[in-house]
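First up is the structure itself, then whatever we jot down about it.
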Amino acid sequence: MKMTLSQWLGLSILLALLAFSLLGVSLSPYSLSEQNLDAIMNAPSMEHWLGTDHLGRSMLTRLSYAVGLSFVLSLLCMLTSSLVGTAFGVWAVWGGKKVDTILGVVVNILLALPGLVVVLLFAAIAPGSFLVLYLAISLVQWVEYFRVVRAITQGVIQSPARQSSQMMGFGRWYQFKRHIWPAISPSVFTLAAFGGANAILTMASLGFVYVGIQPPLAELGLMTVELFPYYSDAPWLLAQPLVVIALMVFAFHLLAGKRA
Amino acid sequence: MKAMFLKRALQLITVVWGVGTLTFILMRSLPGDMAYRIAASRYGQDNVDSNAAALVRAELNLDQGALTAYWHWLTDLLQFKLGDSLVSGLPVMDTVQHMLGHSLLLAFAGLVLSVLIAVPLGLLSAWRGNPLDSVLMGFSSVIRAMPVFVLGVLFILLFALHWNWFPVAGFGSPAYLVLPAMTLALSLAAVSNRVVRDSAKQTFQSAFYQFSRVKGLSAWQTFRQHGVRNIAVPVVAFFGIQLVSMIEGIVMIESLFSWPGIGHGLAHAIFARDIPVIQGAALVMGILFVLLNTLVDLICLWIDPRGAKKL
């Protein structure tokens, strides 16, 4: 796969953020919830490179933890939903009419509600649970892969190339690898990049309305609400989570390439 | 036409069943004795004793088996008996109706504004081409990268706190509507202006469009006779896709601006674990989603009757 310049740019922004997060979490001398009420809302300095928040916690530590959390969630959701969506999408075409109908019904149920509402309802069952958040977002996202993969695979299954390779006795796995995967992989990669951005957005949105990851953990949306009241005293603090969210989403969009 | 309505009706049923089932699971999965928890949120932590809990248990049929309870839950739902809020004690129906009006106002204002922004800008970038096109497209990618609430926070900081042009949050005079509607409109327009542009570009380059210029129609006549409808079909169809982001945007924007609508109500109810209100709000959002989708289908058919065969 050849990547364009903007895709390289997106990838490097993401890698830079990932490095920031890993280094921040592993090397910072401060812990996530270590408060120092003598040093609240400090400007960036030698001890605290990104300043301290309203409870005197190191912003660098919290931000790198939040970025890491977003990355873990988006990667998990990407992997799960793309695997499940692709597998079911191919199966719906290959498995015959009955499978296709049943999967179609399941997909229609999931599409009947806007994704964020589904995630919100799941979040209500277990507030603050990372696992539930991950399951809910993956549940919403695999449908996209399913629909695209199914549509493309329908064409490939009928193609003379695939049919002759079946008649020559090649197994299903070989046929998938040789004929179906090359046809669907560009779309799957694009969807995955957008899915990663959406997972981050959804988690931040939930944090922002206070039903996502709960304090004292650090999460980008949650940090935005927590720091919002102090914007006039310490605008640089509020800017940090906002800039990071926008940067992550922008980088994923760049990585996805032109097909928006 | 018939098939389309049938499909949407089925969708409506799945919405009601899905929301009902999810909230039922939610109800059953509350940790601890449900009756005690609900009594605590209703009468305050200090006033709970086993009498109060027993009262709640009898009132909400909490002592039934899971299957009977599920059946009751669904039949109540089908009769639109949504119950009372666990926190305020008011009927959910009234609360939700009240919130729905505010949400529709915000959605409508945001939608109209987004059309007013996206259509002229999209047409302009298709008509003028580069460099204006690249500038506008680049600008909209930047806005698209910002989550709705980041956009909203920036608006509050600039227009409400820095310049004091509009109130920060709340509901009252029309001035309160400006910032939430603008936030919603910009986030929608940043995506749809690209669709307008692509659609317009394709139409402008098509043979029938060029031909009508060649046969002597003026630029404006050509646009009106051959352009508008052809450009509009993909744009309106795309709006159906964008409905999801509109409803998600409403949830975020209402919470941010304390706009007393469905999204704000849903977020609050989830935070307070007020299950009847969660159910009511989610239900109304789902129904709204299906109805708006049906409306989009109908408008598409009206603009382009050729599509009727496909549906």
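Side notes on the structure shown:
- Segment B:45-165: translational diffusion in µm²/s, Stokes-Einstein, Kirkwood Rh over Cα pairs, 37 °C, 0.692 mPa s: 163 µm²/s
- For B:Asp84, the residues whose modelled amide H falls within less than 5 Å of its own, excluding neighbours fewer than 5 places apart on the same chain, are B:Val92.
- For A:Ala239 and B:Ala66, the FRET efficiency from 1/(1 + (r/R0)^6), where r spans their Cβ atoms and R0 equals 60 Å, is about 0.75.
- Nearest-0.05 FRET efficiency for B:Asn51 and B:Leu132, computed from C-beta distance (R0 51 Å): 0.10
- Isotropically averaged projected area of segment A:1-83, using the convex hull of Cα atoms (one quarter of hull area), nm²: 7.3 nm²
- Within 10 Å of each Cβ in B:249-262, the average number of Cβ atoms from other chains: 2
- Each residue, A:Asp38 and B:Gln205, gets one label point 7 Å from its Cα in the Cβ direction; the gap between the two is 6.8 nm.
- Relative contact order, percent, chain B [alpha-carbon distance under 8 Å, six or more residues apart]: 25 percent
- Normalised radius of gyration (Cα atoms, divided by 2.2 N^0.38 Å) for segment B:93-307: 1.16.
- Pair A:Lys2, A:Leu75: separation of 7 Å Cα→Cβ label points (nm): 3.0 nm
- Taking the convex hull of the alpha carbon positions in segment A:194-260 and averaging its projected area over all directions gives 4.8 nm².
- With contacts taken as Cα pairs under 8 Å and at least 6 residues apart, chain A reaches a relative contact order of 27 percent.
- In sequence order, segment A:115-130 has phi-based couplings of x, 5, 5, 4, 4, 4, 5, 5, 4, 5, 5, 9, x, x, 8, 5 Hz under the Karplus curve 6.51 cos²θ - 1.76 cosθ + 1.60, θ = phi - 60°, and Gly or Pro positions carry x.
- Packing rank of A:215-222, A:231-238, where each peptide gets the mean count of other beta carbons within 10 Å, highest leading: A:215-222, A:231-238
- The alpha carbon gyration tensor of the protein assembly as shown gives principal lengths a ≥ b ≥ c with a/c below 1.5, which makes the shape rounded.
- Using the average count of surrounding beta-carbon atoms within 10 Å as a protection proxy, the listed peptides A:42-52, B:215-225 rank, highest first, as A:42-52, B:215-225.
Rule-based calculations on the coordinates, nothing more; no lab input. Being a predicted model, the structure only gives us computed values, none of them experimental. Neighbour counts are summed over all protein chains in view; Cβ atoms, including those assigned to glycine, are modelled from backbone coordinates with ideal geometry.
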